[in-house]
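Written out below as structure tokens is the structure these notes cover.
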Amino acid sequence: MSHESEPSNLRAGSPVVGGMNAETAEQPVVDPARARVEVAQDKDAEFVAFVVSAGPYLFRTAHLLSGDAHQAEELVQATFERTYRAWSKARAGEPRAYARRILMNLRIDGWRKERRTAVTDDGIVPLSPAPDHAHSVAVRDELGRALRTLPARQRRVVVLRHLLDLSEGQVADELGISVGTVKSTNARGLVRLRTLLSESVIEAVPEFRLDGQQVLRQAQVAARRRSVVRRAVVVTGVVAVVLGLMLAGPVRVPGFGPVVLPGSDWLRTVLGLDGRGLADLSSDHADTTTCTGSDDDAPTIPVDSTAAALGGFTVTGVIDVADAHAVQPCVDLAVDHEISTGVRIPVEAGTIGAGESVLGWSDTGSALDGDQFTRPSTLHALVPDGDRLASMTVARNERVDGRWPYGIELARQGDRAAWFETPNTQIAGTLPWTLRLLDRDGSVVTVSDSTVLQVAEARAVALSDEMVGWTTASSPSSTGCDKTLHTSTLGAEASTTAAVRERVCAVASSPDGLVVAYQEGSGGPGIGAGDGGSTVIELISAPDETATTTLLSVRNGELEFDPVSAVGYDEGRLAFAVGNLLYVVDTRTLTGIRLRGGSPAVAVDVSDEVTAWSTEDGGAYALVSRGGLPSVLELSRAQASVGVHGDRIVWTQLDDDGASLTFGRVRW
């Protein structure tokens with residue numbers, strides 16, 4: 001029957017189903033020359049066959065790249081493990097090329113870790129002149145040492161180009177470089193090899209045999225181990241995300257608002273994350289320095305004792321700050337800790353407290369994207385622990401007007417703290433703000449915000465045991481005594497009183513009440529202290545007028561018409577700054593001293609018989625008394641700030657050596 005005639009079992013119009021005639025169910029005619037039978041192989045069997053066939057080739061490549069048989073065996077085993085994990089992809093193309101690429105990447109990673117490979121000899125490697133039974137071993141060793149002298153890139157190019165017979169284009173694809181780079185690198189490598197070797201026997205590589213089944217078992221174990229690790233990482237990540245959401249408290253969900261996940265309050269309580277307020281800090285001081293020197297060595301400062309009446313008090317002495325002496329450890333102060341910090345941590349009345357602790361915000365500079373912050377800031381309580389600072393998170397800010405803010409004007413009194421949160425000051429126009437309070441139990445509550453009072457700028461915060469007070473201004477550009485004081489009582493029955501005092505110059509915290517310096521009488525806001533009015537400094541213990549004590553009242557003319565820029569108070573000791581003068585007054589006897597000649601003070605802190613202040617030019621000073629004789633200590637002139645608590649003095653500075661915190665005790 002010719003091929004052109006129609007088979008007898010196939011007729012026009014007869015249906016054919018599944019390659020068979022539907023009527024006769026006979027097999028169609030098939031050309032034996034074009035028939036091919038494919039038998040599907042098991043994946044693992046294919047892999048074992050590949051290991052047996054490609055093992056010597058890959059070992060030869062690894063040995064020439066590494067120059068060490070043991071390292072070559074490890075590279076080959078790792079290559080097979082990775083190839084097995086991607087066997088479905090590798091078998092679809094050219095498995096040997098796929099495995100070779102993995103081996104090259106593994107070796108390149110090894111070079112990166114080692115940075116450079118040890119070279120046994122920097123000179124020319126001589127060949128053995130007398131061939132004997134060890135000739136092949138010697139040549140193999142010579143070739144390996146010669147290859148090891150080549151730089152990593154030259155070695156890779158030479159091995160791929162000449163030992164594995166890849167084309168220049170294939171080498172370029174393997175290494176991810178251009179063909180021109182392959183040519184030039186290959187040429188330099190060959191020149192170097194010619195100077196090292198008088199002959200080349202590339203084939204002299206140790207014989208290598210593999211047990212395909214053993215390699216398969218090792219690859220399967222490695223794949224299972226990797227799978228277990230990946231599952232563990234995924235589970236850990238999911239648990240971390242869930243815990244993070246639960247511990248974060250309310251989570252804002254678009255369309256729903258703040259949502260508290262079930263069990264979050266219980267979990268925070270169990271983990272002890274709630275109630276971690278300032279009361280949890282230890283009140284024990286870690287006195288690590290013992291000073292044995294005599295107090296007689298501590299210098300005092302000259303005082304001009306000419307008395308002068310100044311309104312409501314009498315100045316009994318004048319001190320020139322220029323006569324201050326640099327602080328001397330174990331003479332003026334016992335310095336317990338001097339700790340380097342990554343960033344400058346401002347220290348003043350609003351940050352230092354019991355337990356030698358200092359409050360500080362996390363560094364927000366790294367979170368700044370243009371003029372907006374990309375994540376919240378965290379308030380930490382920092383306590384010295386040897387040569388480092390132990391940190392405890394006490395608060396985290398929330399969004400203000402849809403933007404992440406940063407904390408400013410931090411105030412601290414006892415186991416409470418308060419601060420403003422406002423977006424970055426680079427934003428044009430008026431800034432929204434929120435006043436936040438850290439209570440004794442560790443909870444953080446919102447006291448007020450700019451939408452309630454509808455004012456432009458937040459200015460300063462102060463705290464007492466019973467109240468929180470804050471000042472606002474009507475314009476971002478306002479200066480001087482043009483601020484308004486608002487107060488709010490603390491506790492469950494908190495109530496806010498707006499505009500308790502107008503024309504406020506400065507406020508400060510104290511246990512007994514809010515210390516407020518303001519103007520009364522003639523003279524309008526923004527024009528200094530006015531001509532005919534007075535500056536009054538009061539202690540406000542409650543919003544009603546009956547709980548107010550006048551500490552001092554001075555005519556503005558007697559203060560040279562300058563406004564009070566900073567104030568501090570503690571148990572009858574009042575300090576306030578006017579221009580470049582600082583007054584320290586005993587409000588019980590209405591006598592005090594004047595300090596002159598220094599840069600204007602920008603912050604003042606008073607505790608017991610110690611007065612500390614920082615100045616516009618970055619200086620930090622402390623006035624102490626030794627047996628009734630005053631002494632002024634210059635703590636630092638390097639962008640410094642200072643705070644006091646009891647007999648403790650803490651100051652920060654930022655100089656060429658970086659930022660640091662110093663914790664000291666007054667010896668007198």
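Any read-out appearing in this document is the output of simple, stated calculations on the displayed coordinates, not a laboratory observation. All values reported here derive from a predicted model rather than from experimental measurement. FYI the Cβ positions are ideal-geometry reconstructions off the backbone, even for glycines, and counts take in every protein chain you see.
A Förster radius of 25 Å combined with the Cβ-Cβ distance from Arg588 to Ala542 puts the calculated FRET efficiency at roughly 0.70.
Subtracting the Cα-Cα distance of Glu560 and Asp44 from their residue separation scaled by 0.36 nm leaves 176.2 nm.
Under the simplified labelling scheme, the Thr393-Ser184 pair shows an inter-label distance of 5.2 nm, with each label point 7 Å from Cα along Cα→Cβ.
Suppose R0 equals 51 Å. What FRET efficiency, 1/(1 + (r/R0)^6) with r the Cβ-Cβ distance, do Ala307 and Ser474 give to the nearest 0.05? Once rounded, the FRET efficiency stands at 0.75.
I'd like the FRET efficiency for Asp173 and Glu616, computed as 1/(1 + (r/R0)^6) with the beta carbon distance as r and R0 of 45 Å, rounded to 0.05. Step by step, r from the Cβ atoms, then E = 0.10.
Counting Cα-Cα pairs of the stretch 545-668 in 10 Å increments starting at 0 gives whole-percent bin shares of 12, 43, 32, 11, 1, 0.
I need the GluC sites (Glu not before Pro) found in the stretch 533-608, filtered to DSSP loop residues with at most 16 other beta carbons within 10 Å of theirs.
Glu560, Glu571
Over the stretch 60-110, all Cα pairs binned in 5 Å intervals from 0 give whole-percent P(r) values of 5, 23, 32, 21, 13, 5, 1, listed from short to long. Between Val229 and Gln214, the contour length at 0.36 nm per residue exceeds the Cα-Cα span by 3.1 nm.
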